[in-house]
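*Asks:* Quick one: this structure, given as structure tokens, is what I'll be asking you about.
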């Protein structure tokens, strides 16, 4: 039989993978051993990076894309999709990540931005991109640049869920308000959000973002996962929360169970028992660098 | 007719929407209780390594095996195909297949996300082509003579049926086309 015509890198193919990740947990890992632990615990994908956000925060300095060698090691250790981070606006890092077959590229505020005015033109890539957002305008600007998945920024590396909750409520609250607005009001919404009018009109009509929305930034416990899923997130990213805790494997598994059964408090109570110490959290007033303020 | 959609993880909402468009009540199945209320089951795309352990911890695994063997219709897409198969290559080490259709599959057999693709398929009994969306899709490496192959890509099966179990390597829930769901529902009403 002849080779069929195959279309790769289409919008459907790129957005489709985000659909497959819904209801799951994407875990930050720094080496192949952690990646195996994450996969065995039921992670739907892993984020390969050299330092988890809590360590990036502690060490300071410029945070860059991870060593491709280290990403390759993680890719060969697991069968679930592997994501990796590029700096905001650093399209050359993104090109490198695409060339080594990374399944999802996170244009991430956790790394030090490379461009103060421009995000990456993500339409140019066959690999799909996820981007962070703190409000609906930011989310729609990222989608207009080609992002296939939006996550709340939260405040990475703090183990504090308060910022992610604020971002989710802001994004989903504005979606609710826009879907009640009449067509004349949408012009003003587009202006206020600094977002393209056609995307604002689409949100108004469908009552949802054109791409999936996941939660990231500060999830440390099974109940945190349930909280953000009930608020309307469709999956969760857990960064420092697993491998900075006392006993990562059972905590990882418990967060997976909690993300599926987020509406059932009795299951949450069961899986939250005897997990050991969660990561030490940080209060917002005591942090110097707000990662969520990066990006525009 | 009440059709369950396994909602442990993955693209279950898209299947629920397809069922609703066809006028059928869909049940999101997260527990044995939900499963007991369903006359048939759709297993969506997602990560099979994640779903397989949630299938066991929820207690649905054994019950599904039993009821499907007794003739309950099941449709599995992508990860669903992997879970329903008789042998999985490149899965988690402790990943148990349901063994409800006699095929052997290789996870991500068509490559990584960068190799994911769309293509027009010719499906047995369909009058026109069907847009197949393959995302990190499983490759059917072997299908026994008990299995009816309903569509192929490059000589490899991408849609198969054995008794009341239908599986696809691709995602009919992503295509704007409900014909596969409609055919499955017809099988459910005849069962």
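*Asks:* May I ask for the Kirkwood hydrodynamic radius of region B:108-154, worked out over all distinct Cα pairs and given in angstroms to one decimal? Before the final figure, lay out the partial values.
*Replies:* Numbers: mean 1/r = 0.0834 Å⁻¹.
Answer for region B:108-154: a Kirkwood hydrodynamic radius of 12.0 Å.
*Asks:* Hey, another quick one. To the nearest 500 deg cm²/dmol, what mean residue ellipticity at 222 nm is calculated for chain B from DSSP H runs of n ≥ 4 alone, each contributing -39,500 (n - 2.57), summed and divided by the residues? Walk me through the numbers on the way to the answer.
*Replies:* Numbers: 6 runs with 53 residues, N = 191.
After summing the helix terms and dividing by residue count, I get -8000 deg cm²/dmol.
*Asks:* Related question: How large is the Kirkwood hydrodynamic radius of chain B, in angstrom, based on all distinct alpha carbon pairs? Intermediate results must be reported in sequence, preceding the final value.
*Replies:* On the way: mean 1/r = 0.0619 Å⁻¹.
After inverting the pairwise mean of 1/r, the radius is 16.2 Å.
*Asks:* Between region A:63-134 and region A:245-296, what's the alpha-carbon centroid distance in Å?
*Replies:* 24 Å
*Asks:* Here's something else I'd like to know. How do A:93, A:109, B:186, A:145 line up, fewest other C-beta atoms within 10 Å first? Walk me through the numbers on the way to the answer.
*Replies:* Details: A:93 21, A:109 25, B:186 11, A:145 17.
Placing the least packed residue first, the sequence is B:186, A:145, A:93, A:109.
*Asks:* Right, next: As an exercise, find the ratio Rg/Rh for region B:47-143 from alpha-carbon atoms, using the Kirkwood inverse-distance average for Rh.
*Replies:* Numbers: Rg = 14.3 Å, Rh = 14.4 Å.
That ratio is 1.00, to two decimals.
*Asks:* Can you put A:136, B:55 in order, fewest other beta carbons within 10 Å first?
*Replies:* Details: A:136 26, B:55 22.
With the sparsest Cβ surroundings first, the list reads B:55, A:136.
*Asks:* Among DSSP beta bridges lying fully in the protein assembly as shown, give the percent that are antiparallel, nearest 5. Mind showing how you got there, number by number?
*Replies:* On the way: 20 of 63 bridges.
The answer is about 30 percent antiparallel.
*Asks:* Considering only C-alpha atoms, what is the centroid distance from region B:118-191 to region A:175-215, in Å?
*Replies:* Cα centres, region B:118-191 to region A:175-215: 37 Å.
*Asks:* Where both residues lie in region A:1-159, what percent of DSSP beta bridges are antiparallel, nearest 5?
*Replies:* Details: 0 of 19 bridges.
Beta bridges within region A:1-159, antiparallel portion: roughly 0 percent.
*Asks:* Right, next: Please give the per residue volume of the convex hull enclosing the alpha carbon atoms of region A:1-81, rounded to a whole number of Å³.
*Replies:* Per residue, the Cα convex hull of region A:1-81 comes to 157 Å³.
*Asks:* Taking every DSSP beta bridge that has both residues in chain B, what percent is antiparallel when rounded to the nearest 5? If you can, show how the numbers build up before the last one.
*Replies:* Values: 18 of 36 bridges.
If I count the DSSP bridges inside chain B, around 50 percent turn out antiparallel.
*Asks:* Multiplying the sequence separation of residue A:50 and residue A:208 by 0.36 nm and subtracting their Cα-Cα distance, what value in nm do you get?
*Replies:* On the way: separation 158, 0.36 × 158 = 56.88 nm, distance 3.43 nm.
The span from residue A:50 to residue A:208 would gain 53.4 nm if fully extended.
*Asks:* Okay, next question. Sort A:172, A:149 so the one with the fewest other Cβ atoms within 10 Å of its own Cβ comes first.
*Replies:* On the way: A:172 18, A:149 27.
Ordered by Cβ neighbours within 10 Å, fewest first: A:172, A:149.
*Asks:* Ignore the peptide's own chain and count Cβ atoms of other chains within 10 Å of each Cβ in A:5-12; give me the average, rounded. It would help to have the intermediate numbers written out before the result.
*Replies:* Values: counts 4, 10, 7, 9, 6, 4, 1, 9.
Per residue, the number of nearby Cβ atoms from other chains is 6 on average.
*Asks:* Let me ask something else about it. If I stretch the segment between residue A:296 and residue A:266 completely, what's the gain in nm (0.36 nm per residue apart, minus their alpha carbon distance), one decimal?
*Replies:* Numbers: separation 30, 0.36 × 30 = 10.80 nm, distance 4.08 nm.
Fully extending the segment from residue A:296 to residue A:266 adds 6.7 nm.
*Asks:* Let me ask another. Please list the equivalent ellipsoid semi-axes of chain A, computed as the square roots of five times the alpha-carbon gyration tensor eigenvalues, in descending order and whole angstrom. Provide the component values of the computation, followed by the final result.
*Replies:* Working: eigenvalues 151, 112, 79 Å².
Three semi-axes, in Å: 28, 24, 20.
No value in this document is a laboratory result; all are computed from the given coordinates. Predicted model, so just to flag it, every value in this text is computed and none were measured. When we count neighbours, we look across all protein chains shown, and the Cβ atoms used for this are built from the backbone with ideal geometry, even at glycine.
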